[in-house]
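The values are calculated or read from the model by the stated rules, or taken from the named source; none is laboratory data. Note that the structure is predicted; figures quoted are calculated from it, not measured. Cβ atoms come from the backbone with ideal geometry, glycine included; neighbour counts cover every protein chain shown. Each accessible area value is taken on the protein alone, full model and side chains, heavy atoms only, with ligands, DNA and RNA left out. Shrake-Rupley method; radii C 1.70, N 1.55, O 1.52, S 1.80 Å.
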Amino acid sequence: MNMSPATSLLHQSDLIQAQGAPFSQGPVFASTYHLAGNPAGIKYQYGRFDNPTWVALEKTISELEGGPCLTFASGMGAISAALTAWVKPGDTIVLPSDGYFATRVFAENYLSKWGIHVKSIPTNQMVNTDWSGVRLVWVESPSNPGLDTVDICALAASVQQAGALLAVDNTTATALIQAPLKLGADICVASDTKALNGHSDVVFGHVAVRDEELLKPIRQWRTLVGAIPGPMEAWLVHRGLMTLDVRIERQSSNALKIAEYLSSSKHVRLVRYPGLPTDASYEIARKQMRYFGGVVGFELPSAALAQAFLSHWSLAIESTSFGGVHTTAERRMRWGSDHVSEGFIRLSVGIESINDLLTSMEKAFEKTFP
Ligand SMILES: *Cc1c(COP(=O)(O)O)cnc(C)c1O
């Protein structure tokens, strides 16, 4: 039976079929396993190599992604693995210049030191680039924090024709909204700290790939570097996953209504949301995303007004990161590292009642612009 993710996320465990079995098996805490004699072919040998709680979660994520996957201690643990595993000195990789800051710093400060050429171009110019001589192309769609999109099918075709690999950082969307491997990408990475776990209580990541051959160096990298998740964290992420579809559905419908409100406000200079038909990302988003997600970007006229607005919006918790069940927001330029304006706010819409969100936001506007 071909099930939608909302169903398959809940109904794929063999466990719940057995009489008297718990619906959810708890985390397995193990640094070592009973291992007598010849260890060849024994799945569980040592805690840094493998763990049954990771394996159960990896099976679930793989199903969403459409390819085998390995989990990591953080999104950056997964990203540094994927950026390193398939390149060698002399290779060229291309990153989005407007993508996640830490990814760019890792490539520029470390990969380039090891003789890898690191180039960067804006997300919205990726599709019209000639990839000859490139080994790996990295893209975010929607990009964080600018929310530009790339046609992943079209990009995968042009990248692979040039003999390169396409990797997608799918953090903003999650594998539920779009599965890059199914759209033709070779590699998909995500920070599951964000919407995939969705409860703001775990730092986590994963790498999914087109086939087992591509997974081999990722597994070896994880074992050697030791960027392994804890069993408790893996179990919490697995638990969070069960409600992914309802969370994303609510976040997306709330976000659309908020984006519409913002678009109609005379105090807001620019609104970015892939679900707004007027947005530059809309046509591509509509084609490749099942929902438009909970992240909205918008610009107030200055840093001071943006800060004032955030301090007045009682229901939006001022914090970094996104994708959780609570509505959160921050002025991105307080970090100084993104290519956005001083008054740009990244808003992550939660699962609260839309009426409460709109009412409290309206009040914040009244107080900010008396
Ligand atoms: C947060 C984030 C990361 C890093 O993930 P961590 O879990 O914090 O290590 C990578 N890429 C994107 C797009 C992110 O938003």
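Look at Gly240 and say whether it is open to solvent by less than 50 Å² (accessible area, probe 1.4 Å), outside any helix (DSSP H, G or I) and not polar (S, T, N, Q).
Answer is no for this residue.
Out of Trp221, Trp235, which single residue is of a type in the set (Phe, Trp, Tyr), farther than 20 Å from Leu83 by Cα, away from the ligand (no atom under 14 Å from the Cβ) and out of contact with any Lys or Arg (no Cβ under 6 Å at 6 or more places or on another chain)?
Trp235
Answer yes or no: is there a residue in the range 160-168 that is in a helix (DSSP H, G or I) and either more than 16 Å from Ala81 (Cα to Cα) or among the acidic types (Asp, Glu) (or both).
Looking through the range 160-168, at least one residue is in a helix (DSSP H, G or I) and either more than 16 Å from Ala81 (Cα to Cα) or among the acidic types (Asp, Glu) (or both).
Is it the case that Ser281 is farther than 16 Å from Val349 by Cβ, among the hydroxyl-bearing types (Ser, Thr, Tyr) and open to solvent by less than 20 Å² (accessible area, probe 1.4 Å)?
yes
Of the residues that sit in the range 157-188 and are buried (at least 24 other Cβ atoms within 10 Å of the Cβ), more than 25 Å from Leu347 (Cβ to Cβ) and free of Cβ contacts under 8 Å to residues at least 60 places away in the same chain, which one is farthest from the ligand (Cβ to nearest atom)?
Among those that are buried (at least 24 other Cβ atoms within 10 Å of the Cβ), more than 25 Å from Leu347 (Cβ to Cβ) and free of Cβ contacts under 8 Å to residues at least 60 places away in the same chain, it is Val159.
For the range 257-271, name all the residues that are assigned to a loop (DSSP other than H, G, I, E, B), open to solvent by 90 Å² or more (accessible area, probe 1.4 Å) and touching a residue at least 40 places away in the same chain (Cβ under 8 Å).
Within the range 257-271, just Arg269 meets the criteria.
Within the range 108-145, which residues are within 22 Å of the chain's Cα centre (by Cα), open to solvent by 20 Å² or more (accessible area, probe 1.4 Å) and touching a residue at least 40 places away in the same chain (Cβ under 8 Å)?
Within the range 108-145, just Asn124 meets the criteria.
Among the numbered criteria (1) over 11 Å from the mean Cα position of the chain (by Cα); (2) part of a loop (DSSP other than H, G, I, E, B), which one does Leu176 miss?
Among (1) over 11 Å from the mean Cα position of the chain (by Cα); (2) part of a loop (DSSP other than H, G, I, E, B), Leu176 violates only (1).
Going through the range 184-198 one residue at a time, which ones are outside any strand (DSSP E or B) and either among the hydroxyl-bearing types (Ser, Thr, Tyr) or in contact with a strand residue (DSSP E or B) (Cβ under 7 Å, 6 or more places away or on another chain) (or both)?
Answer for the range 184-198, where residues must be outside any strand (DSSP E or B) and either among the hydroxyl-bearing types (Ser, Thr, Tyr) or in contact with a strand residue (DSSP E or B) (Cβ under 7 Å, 6 or more places away or on another chain) (or both): Ala185, Asp186, Asp192, Thr193, Leu196.
Quick one: Val94 ticks every box in (1) under 28 Å from Ser337 (Cα atoms); (2) out of contact with any strand residue (DSSP E or B) (no Cβ under 9 Å at 6 or more places or on another chain); (3) modelled with pLDDT of 95 or more except a single one, so which number is it?
All conditions are met except number (2).
Looking only at residues that are more than 8 Å from the ligand (Cβ to nearest atom) and surrounded by 24 or more Cβ atoms within 10 Å (Cβ to Cβ) in the range 190-206, which one is nearest to Ser252 (Cα to Cα)?
Here the answer is Ala195.
Go through the range 309-339 and give me each residue that's within 14 Å of the ligand (Cβ to nearest atom), hydrophobic (A, V, I, L, M, F, W, C) and crowded, with 17+ Cβ neighbours inside 10 Å.
Phe322
For the range 207-217, how many residues are more than 16 Å from the ligand (Cβ to nearest atom) and either in a loop (DSSP other than H, G, I, E, B) or in contact (Cβ under 8 Å) with a residue 60 or more places away in the chain (or both)?
7
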